[in-house]
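Below is one structure; the comments refer to it alone.
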Amino acid sequence: MKNFFDLSFEELEELLAGLDPRPFRTAQVLRWVYTLGADDFRNMTDMPVSMRESLAGLCDLMPLREIERSETRDQTVKFLHILEDGEMIESVLIPEDGHNTLCISTQSGCNMSCAFCETGRNPGGRNLTTGEILAQIVYAIRHSGDRLNVRNLVFMGMGEPLLNLESLQPALEVILSDRGLNFSPRRVTVSTCGWVPGIIRLATEGPDVNLAVSLNATDDKTRSKIMPVNRQYPIGSLMDAVGRFPLKARSRITFEYVLIEGVNDTQEDVLRLQKLLKGLPAKVNLIPCNENFSGFRAPSEEKARAFQDSLYDYGVLATMRKSRGQEIGAACGQLKAGSARKQHD
Ligand code: SAH
(Lines give C-alpha, C1' and ligand atoms only; values in the text may rest on other atoms or scores of the structure.)
Protein backbone atom coordinates (compact mmCIF):
# COMPACT_ATOMS: atom_id res chain seq x y z
CA MET A 1 0.00 0.00 0.00
CA LYS A 2 1.19 3.49 -0.79
CA ASN A 3 2.39 5.80 1.96
CA PHE A 4 -0.16 8.63 1.81
CA PHE A 5 2.53 11.16 2.68
CA ASP A 6 4.53 10.25 -0.40
CA LEU A 7 1.76 11.68 -2.59
CA SER A 8 2.26 15.24 -3.75
CA PHE A 9 -0.82 17.46 -3.68
CA GLU A 10 -1.11 16.98 -7.46
CA GLU A 11 -0.87 13.20 -7.18
CA LEU A 12 -3.53 13.20 -4.48
CA GLU A 13 -5.73 15.34 -6.70
CA GLU A 14 -5.34 12.83 -9.51
CA LEU A 15 -6.03 9.88 -7.26
CA LEU A 16 -9.16 11.49 -5.84
CA ALA A 17 -10.38 12.58 -9.26
CA GLY A 18 -10.56 8.90 -10.13
CA LEU A 19 -12.99 8.38 -7.25
CA ASP A 20 -14.99 11.60 -7.35
CA PRO A 21 -14.55 14.34 -9.94
CA ARG A 22 -15.51 17.17 -7.60
CA PRO A 23 -12.40 19.24 -6.86
CA PHE A 24 -13.14 20.02 -3.20
CA ARG A 25 -12.35 16.43 -2.22
CA THR A 26 -8.61 17.13 -2.13
CA ALA A 27 -8.97 20.03 0.28
CA GLN A 28 -11.26 17.88 2.41
CA VAL A 29 -8.79 15.01 2.68
CA LEU A 30 -5.84 17.33 3.29
CA ARG A 31 -7.71 19.05 6.09
CA TRP A 32 -8.57 15.74 7.75
CA VAL A 33 -5.01 14.52 7.57
CA TYR A 34 -2.90 17.60 8.24
CA THR A 35 -5.16 19.85 10.30
CA LEU A 36 -7.27 17.32 12.17
CA GLY A 37 -4.69 14.55 12.40
CA ALA A 38 -6.98 11.79 11.11
CA ASP A 39 -5.28 8.41 11.01
CA ASP A 40 -8.08 6.50 9.29
CA PHE A 41 -9.98 7.38 6.13
CA ARG A 42 -13.02 5.64 7.59
CA ASN A 43 -13.38 8.47 10.12
CA MET A 44 -13.65 11.17 7.46
CA THR A 45 -17.33 11.56 8.12
CA ASP A 46 -18.10 14.19 5.50
CA MET A 47 -17.10 11.88 2.66
CA PRO A 48 -19.09 9.04 1.08
CA VAL A 49 -18.48 5.70 2.75
CA SER A 50 -17.51 4.05 -0.53
CA MET A 51 -14.87 6.67 -1.16
CA ARG A 52 -13.46 6.26 2.34
CA GLU A 53 -13.28 2.51 1.83
CA SER A 54 -11.53 2.89 -1.51
CA LEU A 55 -8.98 5.27 -0.05
CA ALA A 56 -8.36 3.00 2.92
CA GLY A 57 -7.51 0.25 0.46
CA LEU A 58 -5.18 2.48 -1.56
CA CYS A 59 -3.05 4.38 0.89
CA ASP A 60 -1.66 4.11 4.33
CA LEU A 61 -2.12 6.95 6.83
CA MET A 62 0.05 5.21 9.43
CA PRO A 63 3.18 4.22 7.56
CA LEU A 64 5.42 4.24 10.64
CA ARG A 65 5.43 1.55 13.27
CA GLU A 66 6.60 2.69 16.68
CA ILE A 67 8.72 0.01 18.28
CA GLU A 68 10.08 1.85 21.25
CA ARG A 69 9.34 5.02 23.16
CA SER A 70 11.19 6.59 26.02
CA GLU A 71 10.34 9.61 28.06
CA THR A 72 12.36 11.65 30.53
CA ARG A 73 11.29 13.47 33.64
CA ASP A 74 11.33 16.72 31.68
CA GLN A 75 8.91 15.08 29.25
CA THR A 76 11.23 14.77 26.30
CA VAL A 77 9.81 11.90 24.27
CA LYS A 78 11.86 9.85 21.90
CA PHE A 79 10.19 7.63 19.34
CA LEU A 80 11.91 4.79 17.56
CA HIS A 81 10.09 3.79 14.38
CA ILE A 82 10.61 0.85 12.10
CA LEU A 83 10.05 1.39 8.39
CA GLU A 84 8.58 -1.05 5.87
CA ASP A 85 11.96 -2.50 4.95
CA GLY A 86 13.10 -2.87 8.56
CA GLU A 87 15.18 0.32 8.70
CA MET A 88 14.87 2.21 11.97
CA ILE A 89 14.62 5.94 12.55
CA GLU A 90 13.99 8.15 15.51
CA SER A 91 12.33 11.44 16.24
CA VAL A 92 12.42 13.42 19.47
CA LEU A 93 9.75 15.70 20.88
CA ILE A 94 11.28 18.27 23.21
CA PRO A 95 9.10 20.47 25.42
CA GLU A 96 10.30 24.07 25.59
CA ASP A 97 8.52 27.00 27.23
CA GLY A 98 5.08 25.48 26.86
CA HIS A 99 5.68 24.50 23.24
CA ASN A 100 7.34 21.56 21.62
CA THR A 101 10.27 21.34 19.29
CA LEU A 102 10.27 18.25 17.13
CA CYS A 103 13.56 16.83 15.92
CA ILE A 104 13.26 14.53 12.91
CA SER A 105 15.42 12.30 10.76
CA THR A 106 16.08 12.43 7.02
CA GLN A 107 18.14 9.25 6.65
CA SER A 108 18.09 5.93 8.51
CA GLY A 109 21.83 6.12 9.07
CA CYS A 110 24.62 8.45 8.10
CA ASN A 111 27.82 8.18 6.11
CA MET A 112 29.39 11.41 7.30
CA SER A 113 31.31 9.60 10.06
CA CYS A 114 31.55 12.49 12.51
CA ALA A 115 33.74 11.14 15.29
CA PHE A 116 31.44 12.12 18.16
CA CYS A 117 28.13 11.09 16.59
CA GLU A 118 26.27 7.90 17.39
CA THR A 119 24.42 7.77 14.06
CA GLY A 120 27.67 7.91 12.15
CA ARG A 121 29.18 5.10 14.16
CA ASN A 122 27.93 2.46 11.76
CA PRO A 123 27.73 3.87 8.27
CA GLY A 124 24.84 2.68 6.13
CA GLY A 125 21.13 3.23 6.12
CA ARG A 126 19.31 4.97 3.34
CA ASN A 127 17.57 8.18 2.36
CA LEU A 128 14.07 8.48 3.74
CA THR A 129 11.27 9.14 1.29
CA THR A 130 9.29 12.37 1.47
CA GLY A 131 6.47 10.40 3.03
CA GLU A 132 8.70 8.93 5.73
CA ILE A 133 9.93 12.41 6.65
CA LEU A 134 6.40 13.82 6.81
CA ALA A 135 5.00 10.81 8.64
CA GLN A 136 7.34 11.47 11.58
CA ILE A 137 5.85 14.92 11.98
CA VAL A 138 2.28 13.76 11.63
CA TYR A 139 2.98 10.99 14.15
CA ALA A 140 4.31 13.44 16.73
CA ILE A 141 1.41 15.82 16.14
CA ARG A 142 -1.06 12.99 16.74
CA HIS A 143 0.84 12.10 19.89
CA SER A 144 0.72 15.65 21.21
CA GLY A 145 -2.93 16.00 20.30
CA ASP A 146 -2.85 19.12 18.16
CA ARG A 147 -0.85 20.56 15.30
CA LEU A 148 -0.28 23.75 17.32
CA ASN A 149 1.40 21.79 20.10
CA VAL A 150 4.37 21.30 17.81
CA ARG A 151 5.85 24.71 17.27
CA ASN A 152 9.36 24.22 15.93
CA LEU A 153 10.67 21.67 13.52
CA VAL A 154 14.37 20.91 13.41
CA PHE A 155 16.06 18.53 10.99
CA MET A 156 18.62 17.45 13.56
CA GLY A 157 17.76 13.80 13.90
CA MET A 158 19.50 11.00 12.09
CA GLY A 159 21.25 11.68 8.81
CA GLU A 160 22.48 14.57 6.73
CA PRO A 161 19.42 16.42 5.38
CA LEU A 162 21.29 18.08 2.53
CA LEU A 163 22.30 14.69 1.14
CA ASN A 164 18.61 13.92 0.75
CA LEU A 165 17.31 17.10 -0.86
CA GLU A 166 15.33 14.92 -3.28
CA SER A 167 12.97 13.98 -0.46
CA LEU A 168 13.56 16.98 1.79
CA GLN A 169 12.48 19.71 -0.59
CA PRO A 170 9.04 18.22 -1.40
CA ALA A 171 8.58 17.49 2.32
CA LEU A 172 9.35 21.12 3.14
CA GLU A 173 6.76 22.24 0.58
CA VAL A 174 4.07 20.30 2.46
CA ILE A 175 5.41 21.45 5.83
CA LEU A 176 5.18 25.10 4.80
CA SER A 177 2.01 24.96 2.70
CA ASP A 178 -1.30 26.11 4.14
CA ARG A 179 -2.82 23.06 2.41
CA GLY A 180 -0.37 20.93 4.39
CA LEU A 181 1.14 21.39 7.84
CA ASN A 182 1.25 25.18 7.61
CA PHE A 183 4.47 25.84 9.53
CA SER A 184 5.98 29.29 9.38
CA PRO A 185 9.39 29.17 7.67
CA ARG A 186 10.83 30.89 10.74
CA ARG A 187 9.96 27.78 12.75
CA VAL A 188 11.70 25.28 10.50
CA THR A 189 15.45 24.67 10.69
CA VAL A 190 17.56 22.43 8.49
CA SER A 191 20.84 21.42 10.09
CA THR A 192 23.88 20.39 8.07
CA CYS A 193 27.33 19.06 8.81
CA GLY A 194 28.57 21.46 6.14
CA TRP A 195 27.68 19.73 2.87
CA VAL A 196 28.51 22.73 0.71
CA PRO A 197 26.80 21.70 -2.57
CA GLY A 198 23.59 21.13 -0.60
CA ILE A 199 23.81 24.55 1.06
CA ILE A 200 24.21 26.18 -2.34
CA ARG A 201 21.33 24.18 -3.80
CA LEU A 202 19.00 24.99 -0.92
CA ALA A 203 19.99 28.64 -1.18
CA THR A 204 19.16 28.81 -4.88
CA GLU A 205 16.19 26.45 -5.11
CA GLY A 206 14.60 26.96 -1.71
CA PRO A 207 12.30 26.64 -0.01
CA ASP A 208 13.17 29.38 2.37
CA VAL A 209 13.90 27.93 5.84
CA ASN A 210 16.43 28.52 8.61
CA LEU A 211 19.87 27.04 8.23
CA ALA A 212 21.94 25.58 11.05
CA VAL A 213 25.52 24.56 10.47
CA SER A 214 27.29 22.08 12.73
CA LEU A 215 30.64 23.81 12.86
CA ASN A 216 32.09 22.06 15.91
CA ALA A 217 35.67 23.28 15.38
CA THR A 218 37.43 26.47 14.40
CA ASP A 219 40.48 25.23 12.48
CA ASP A 220 40.68 22.83 9.55
CA LYS A 221 43.01 20.40 11.24
CA THR A 222 40.69 19.78 14.17
CA ARG A 223 37.53 19.90 12.09
CA SER A 224 38.86 17.40 9.55
CA LYS A 225 39.77 15.10 12.39
CA ILE A 226 36.32 15.08 13.98
CA MET A 227 34.24 15.76 10.85
CA PRO A 228 35.64 14.07 7.72
CA VAL A 229 33.34 16.18 5.50
CA ASN A 230 35.77 19.02 6.22
CA ARG A 231 38.47 17.31 4.13
CA GLN A 232 36.25 17.82 1.11
CA TYR A 233 34.72 21.15 2.10
CA PRO A 234 37.04 22.98 4.47
CA ILE A 235 35.96 25.81 6.73
CA GLY A 236 36.76 28.52 4.16
CA SER A 237 34.49 27.02 1.50
CA LEU A 238 31.80 26.37 4.10
CA MET A 239 31.80 29.93 5.39
CA ASP A 240 31.76 31.19 1.83
CA ALA A 241 28.63 29.19 1.02
CA VAL A 242 26.97 30.16 4.29
CA GLY A 243 27.75 33.83 3.66
CA ARG A 244 25.72 33.63 0.46
CA PHE A 245 22.71 31.95 2.04
CA PRO A 246 19.72 34.27 1.65
CA LEU A 247 18.47 35.53 4.98
CA LYS A 248 15.31 37.39 5.78
CA ALA A 249 15.44 40.51 7.93
CA ARG A 250 16.16 39.74 11.58
CA SER A 251 17.02 36.12 10.93
CA ARG A 252 20.36 34.52 11.65
CA ILE A 253 22.33 31.46 10.72
CA THR A 254 22.74 29.09 13.65
CA PHE A 255 26.17 27.58 14.23
CA GLU A 256 26.01 24.48 16.36
CA TYR A 257 29.10 23.83 18.33
CA VAL A 258 29.46 20.56 20.22
CA LEU A 259 31.81 21.37 23.07
CA ILE A 260 34.39 18.61 23.47
CA GLU A 261 36.89 18.68 26.27
CA GLY A 262 40.44 19.19 25.09
CA VAL A 263 39.42 19.28 21.43
CA ASN A 264 37.63 22.54 20.66
CA ASP A 265 37.08 24.31 23.98
CA THR A 266 40.05 26.67 24.32
CA GLN A 267 40.26 30.45 24.36
CA GLU A 268 41.99 30.24 20.95
CA ASP A 269 38.84 28.57 19.68
CA VAL A 270 36.76 31.45 21.02
CA LEU A 271 39.02 33.88 19.21
CA ARG A 272 38.92 31.98 15.90
CA LEU A 273 35.18 31.45 16.18
CA GLN A 274 34.43 35.14 16.57
CA LYS A 275 36.70 35.89 13.61
CA LEU A 276 34.90 33.33 11.45
CA LEU A 277 31.52 34.78 12.31
CA LYS A 278 32.47 38.43 11.98
CA GLY A 279 30.01 40.27 9.76
CA LEU A 280 27.59 37.34 9.57
CA PRO A 281 24.14 37.48 11.18
CA ALA A 282 24.93 34.45 13.31
CA LYS A 283 24.15 32.84 16.61
CA VAL A 284 26.04 30.02 18.24
CA ASN A 285 24.35 27.10 19.90
CA LEU A 286 26.78 25.44 22.26
CA ILE A 287 26.02 21.77 22.89
CA PRO A 288 27.97 20.05 25.66
CA CYS A 289 29.06 16.76 24.11
CA ASN A 290 26.92 13.79 25.04
CA GLU A 291 29.13 10.99 26.16
CA ASN A 292 28.99 7.87 24.04
CA PHE A 293 31.21 5.28 22.38
CA SER A 294 33.53 8.00 21.07
CA GLY A 295 35.16 8.63 24.41
CA PHE A 296 34.73 12.37 23.92
CA ARG A 297 33.45 14.30 26.89
CA ALA A 298 31.97 17.68 27.57
CA PRO A 299 34.17 20.18 29.40
CA SER A 300 33.17 21.04 32.97
CA GLU A 301 30.15 23.26 33.36
CA GLU A 302 32.35 26.16 34.47
CA LYS A 303 34.56 25.81 31.45
CA ALA A 304 31.59 25.64 29.11
CA ARG A 305 30.10 28.75 30.73
CA ALA A 306 33.43 30.54 30.40
CA PHE A 307 33.49 29.66 26.69
CA GLN A 308 30.02 31.12 26.29
CA ASP A 309 30.91 34.25 28.30
CA SER A 310 34.04 34.88 26.25
CA LEU A 311 31.99 34.69 23.06
CA TYR A 312 29.59 37.21 24.58
CA ASP A 313 32.53 39.49 25.37
CA TYR A 314 33.36 39.46 21.68
CA GLY A 315 29.77 40.29 20.83
CA VAL A 316 28.87 36.81 19.60
CA LEU A 317 25.41 35.67 20.58
CA ALA A 318 25.73 32.22 22.12
CA THR A 319 23.21 29.99 23.83
CA MET A 320 23.94 26.77 25.67
CA ARG A 321 21.72 23.81 24.93
CA LYS A 322 20.39 22.23 28.06
CA SER A 323 21.25 18.60 27.91
CA ARG A 324 17.69 17.44 27.70
CA GLY A 325 16.81 13.84 27.51
CA GLN A 326 20.32 12.69 28.22
CA GLU A 327 19.02 9.95 30.48
CA ILE A 328 17.23 8.39 27.49
CA GLY A 329 20.13 9.09 25.19
CA ALA A 330 18.21 11.64 23.20
CA ALA A 331 21.29 12.63 21.29
CA CYS A 332 21.47 11.82 17.66
CA GLY A 333 21.08 8.10 17.01
CA GLN A 334 21.37 6.95 20.58
CA LEU A 335 18.02 5.27 20.99
CA LYS A 336 18.43 3.28 17.82
CA ALA A 337 21.95 2.36 18.85
CA GLY A 338 20.72 1.29 22.30
CA SER A 339 18.00 -0.84 20.79
CA ALA A 340 20.38 -2.50 18.35
CA ARG A 341 22.70 -3.28 21.25
CA LYS A 342 19.88 -4.82 23.23
CA GLN A 343 19.00 -7.04 20.29
CA HIS A 344 22.58 -8.21 20.05
CA ASP A 345 23.08 -8.80 23.77
N1 SAH B 1 23.75 15.93 9.93
C2 SAH B 1 23.17 17.12 10.48
C3 SAH B 1 22.02 16.87 11.43
C4 SAH B 1 22.14 15.73 12.43
S5 SAH B 1 23.22 15.95 13.81
C6 SAH B 1 24.24 17.95 11.15
O7 SAH B 1 25.38 17.50 11.24
O8 SAH B 1 23.95 19.07 11.54
C9 SAH B 1 22.44 17.13 14.82
C10 SAH B 1 23.37 17.80 15.79
O11 SAH B 1 23.76 16.88 16.83
C12 SAH B 1 24.65 18.31 15.14
O13 SAH B 1 24.90 19.63 15.50
C14 SAH B 1 25.72 17.40 15.76
O15 SAH B 1 26.95 18.08 15.80
C16 SAH B 1 25.10 17.10 17.11
N17 SAH B 1 25.67 15.91 17.78
C18 SAH B 1 26.02 14.73 17.23
N19 SAH B 1 26.56 13.90 18.16
C20 SAH B 1 26.56 14.58 19.32
C21 SAH B 1 27.01 14.27 20.64
N22 SAH B 1 27.57 13.11 20.95
N23 SAH B 1 26.86 15.22 21.59
C24 SAH B 1 26.28 16.41 21.30
N25 SAH B 1 25.84 16.75 20.08
C26 SAH B 1 25.98 15.86 19.09
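Observations, loosely collected:
- Residue-level check: of (1) touching a residue at least 40 places away in the same chain (Cβ under 8 Å); (2) in a loop (DSSP other than H, G, I, E, B); (3) buried (at least 19 other Cβ atoms within 10 Å of the Cβ), Val154 misses just (2).
- Candidate set: region 120-143, residues that are away from the ligand (no atom under 14 Å from the Cβ) and among the small types (Gly, Ala, Ser); chosen: the one surrounded by the fewest Cβ atoms within 10 Å (Cβ to Cβ): Gly124
- Identity of the residue in region 220-258, touching a Cys at 6+ places or on another chain (Cβ under 6 Å) and either of a type in the set (Ser, Thr, Tyr) or not in a loop (DSSP other than H, G, I, E, B) (or both), that ends up farthest from the ligand (Cβ to nearest atom): Val229
- Considering region 259-300, and only residues there that are away from the ligand (no atom under 15 Å from the Cβ) and β-branched (Val, Ile, Thr), the residue that is farthest from the chain's Cα centre (by Cα) turns out to be Thr266.
- Enumeration of residues in region 171-182 that are more than 16 Å from the ligand (Cβ to nearest atom), among the aliphatic types (A, V, I, L, M) and assigned to a helix (DSSP H, G or I): Val174, Ile175, Leu176
- In region 183-198, residue surrounded by the fewest Cβ atoms within 10 Å (Cβ to Cβ) [restricted to those that are farther than 29 Å from Glu261 by Cβ and within 16 Å of the ligand (Cβ to nearest atom)]: Pro197
- Residue match in region 292-299 (condition: in a helix (DSSP H, G or I), in contact with a strand residue (DSSP E or B) (Cβ under 8 Å, 6 or more places away or on another chain), in the same structural domain as Val92 (by TED's automatic domain parsing) and at pLDDT 95 or above): no
- Residues (in contact (Cβ under 8 Å) with a residue 40 or more places away in the chain and surrounded by fewer than 21 Cβ atoms within 10 Å (Cβ to Cβ)) located in region 97-108: His99, Thr101
- If you go through region 158-180 and keep only what is of a type outside the set (Val, Ile, Thr), at negative phi and crowded, with 23+ Cβ neighbours inside 10 Å, you end up with Met158, Glu160, Pro161, Leu162, Leu168, Ala171, Leu172.
- Candidate set: region 199-219, residues that are within 15 Å of the ligand (Cβ to nearest atom) and in a helix (DSSP H, G or I); chosen: the one surrounded by the fewest Cβ atoms within 10 Å (Cβ to Cβ): Ile199
- Which listed residue, of Leu162, Leu168, is farther than 19 Å from Ile94 by Cα, within 10 Å of the ligand (Cβ to nearest atom) and outside any loop (DSSP other than H, G, I, E, B): Leu162
- Residue count, region 104-119 (criterion: within 8 Å of the ligand (Cβ to nearest atom) and not in a loop (DSSP other than H, G, I, E, B)): 1
- Screening region 43-73 for residues that are in a loop (DSSP other than H, G, I, E, B) and surrounded by 13 or more Cβ atoms within 10 Å (Cβ to Cβ) and picking the one that is modelled with the lowest pLDDT gives Thr72.
The values are calculated or read from the model by the stated rules, or taken from the named source; none is laboratory data. Just so it is clear, the model here is predicted, and its values are computed rather than measured. Here the Cβ is made from the backbone with ideal geometry for all residues, glycine too, and neighbour counts use every protein chain on show.
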